[in-house]
Amino acid sequence: MLMRMAKKRIAVVPGDGIGKEVIPAALNVVRATGAAANIEFTEFDWSADRYLKDGTTIPADGFTMLNRDFDAIFVGALGDPRVPTNIHAKEILLGMRFKMDLYANVRPVKLLDESLCPLKNVKPADVDFTVIRENTEGPYVDAGGNLKLGTPDEIATQEDFNTRKGVERVIRFAFEYAKANGRKKVLMSDKSNVMTFAGGLWQRVFKIVAAEYPSIQTQHMYVDALCTHMVRDPKQFDVIVTNNMFGDIITDLAAALQGGLGMAASGNIHPGKTSMFEPVHGSAPPFAGKNIANPIGAISTAAMMLEHLGFAADSAKINAAVLAAVQQKKTTSDVGGTLGTNECAGWIAEQVGK
Ligand code: NAD
Ligand code: IPM
Ligand code: MN
């Protein structure tokens, strides 16, 4: 007897700006897969528009509801010049990461075609690594304050939180990720030569956790040096684990190696819990509403999400179609094509549906 598979439930939050374009475009690609029959999408309008309309960022029971009722969350981007405090982005996006405890931000960095890399003579095999960014601590906890606000003597503090548990679990996640994905090396990056307290904790915990994985090589690099190496010799990297802030910065740099922010995908993961998937890019307000944003970051993110939900074959199909689109220049102008957002995603959906 055939068992009916329970449908996977995905909460969709397009958000602001180009998020409103790339997310529906990516969903069209997902709908072209066989997995679509086993997925149910529910859209939420949490965004700057909603916030400006009725003051809602995310409803009070939002995170509980997402955890309880959904298998994954698919987010576009949050950020709008009409909300200069960025309060809605903080509460929705950082809210999901923090309140749902999605402690590992997985950002794969993969060059699909030589033409997309701004570096000379760099081949796709030379840019193929993953950054595991700590996602619940660091300066992002927003602890700090002002003294003598607005005066010439003003003092501002922004505290960098690093807990033993938080550091240990993300480092362990990086080693487990390496093991599960056939990676050979985990590099930990920090600034322990200056930030001695936090860096000291990262250094000690890295050594302790690494000892549990004798078959995986380890390396350490200060984050400033890492930036140079990433540009001069990206081939050396395999899995990089780092803190929240450094992870944010180096993944924009890494995105440039792949062809720009429009190409980069990410997952915010807590194994066994409802996880959240979003392209690395933001809402790019100047690009919004023009059908020019590259949908590939969002499409590759959707592929990551499908793999996470157990639809590995459909995920691989999307990745193959994305590769074909890049190779045949069925892309938007930021990566050398002439298509619009919808046309690029439409072409990829057609390949997937074949
Ligand atoms: P951004 O990623 O929105 O855009 C920076 C530049 O990257 C753009 O000007 C464009 O040249 C390029 N770019 C980004 N996405 C692209 C795409 N899909 N196709 C083609 N080119 C693309 O970053 P920003 O301008 O610093 O931020 C804009 C807003 O987005 C801010 O409010 C910021 O806080 C927010 N933001 C949100 C997220 C998120 O929700 N995850 C991430 C980053 C920034
Ligand atoms: C990212 C973004 C976010 C971050 C912002 C929008 C809060 O830049 O996802 O990389 O800093 O984490
Ligand atoms: Mn960022």
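Quick look at the numbers
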quantity: Ordering of 313-321, 331-339 by burial proxy (mean other Cβ atoms within 10 Å per residue, highest first); calculated: 313-321, 331-339
quantity: Accessible surface ranking that places the most exposed of Y51, Y103 first, with a 1.4 angstrom probe; calculated: Y51, Y103
quantity: Reference-scaled alpha-carbon Rg (2.2 N^0.38 Å with N residues) for the chain; calculated: 0.99
quantity: P(r) tail fraction, region 65-209 - alpha-carbon pairs more than 20 Å apart, %; calculated: 65 percent
quantity: Stretch gain in nm, segment T42-D233, where the contour uses 0.36 nm per residue and the Cα spacing is subtracted; calculated: 64.5 nm
quantity: Peptides ranked, highest mean first, by Cβ atoms within 10 Å: ranges 276-282, 76-82, 210-216; calculated: 276-282, 76-82, 210-216
quantity: Bridge type composition, the chain - antiparallel percent by DSSP, nearest 5; calculated: 40 percent
quantity: Mean ellipticity per residue at 222 nm, deg cm²/dmol - from DSSP H runs of n ≥ 4 across the chain, formula -39500 (n - 2.57); calculated: -11500 deg cm²/dmol
quantity: The chain, relative contact order [Cα under 8 Å, separation at least 6], %; calculated: 23 percent
quantity: Amide H contacts of G337 (H built 1.01 Å from N, under 5 Å, at least 5 apart or other chain); calculated: T331, T332
quantity: Bridge type composition, region 104-263 - antiparallel percent by DSSP, nearest 5; calculated: 45 percent
quantity: Around P234: net Lys/Arg minus Asp/Glu count, Cβ-Cβ under 9 Å; calculated: -1
quantity: Accessible area per residue in Å² at 1.4 Å probe, computed on region 104-263; calculated: 48 Å²
quantity: HN-Hα J in Hz across region 131-147 - Karplus 6.51, -1.76, 1.60, θ = phi - 60°, x for Gly and Pro; calculated: 9, 9, 9, 4, 10, 10, 9, x, x, 5, 5, 6, 9, x, x, 10, 10
quantity: Residue-count net charge about F246 - beta-carbon cut-off 14 Å; Lys, Arg +1, Asp, Glu -1; calculated: -4
quantity: For region 305-351 versus region 120-174, the gap between their alpha-carbon centres in whole angstrom; calculated: 31 Å
quantity: List L323, L27, ordered by accessible area with a 1.4 Å probe, largest first; calculated: L323, L27
quantity: Accessible area of D61 in the full protein assembly, 1.4 Å probe (Å², nearest 10); calculated: 80 Å²
quantity: Relative contact order (%) - region 104-263, alpha-carbon pairs under 8 angstrom, separation at least six; calculated: 33 percent
quantity: Mean Cα-pair separation over length for region 178-329, i.e. relative contact order, pairs under 8 Å, 6 or more apart, %; calculated: 18 percent
quantity: Exposure ranking of I155, I299 by accessible area [1.4 Å probe, largest first]; calculated: I155, I299
quantity: Within-15-Å neighbourhood charge of N135 [Cβ basis; K, R +1; D, E -1]; calculated: +1
quantity: Centroid-to-centroid separation of region 219-292 and region 49-77 [C-alpha atoms, Å]; calculated: 24 Å
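The values are calculated or read from the model by the stated rules, or taken from the named source; none is laboratory data. In this text, all values refer to a predicted model and were calculated from it rather than measured experimentally. No Cβ is skipped: glycine too gets one built from the backbone with ideal geometry, and neighbour counts run over all protein chains shown. The area values use the complete protein model at the heavy-atom level, side chains included, leaving out ligands, DNA and RNA. Shrake-Rupley method; radii C 1.70, N 1.55, O 1.52, S 1.80 Å.
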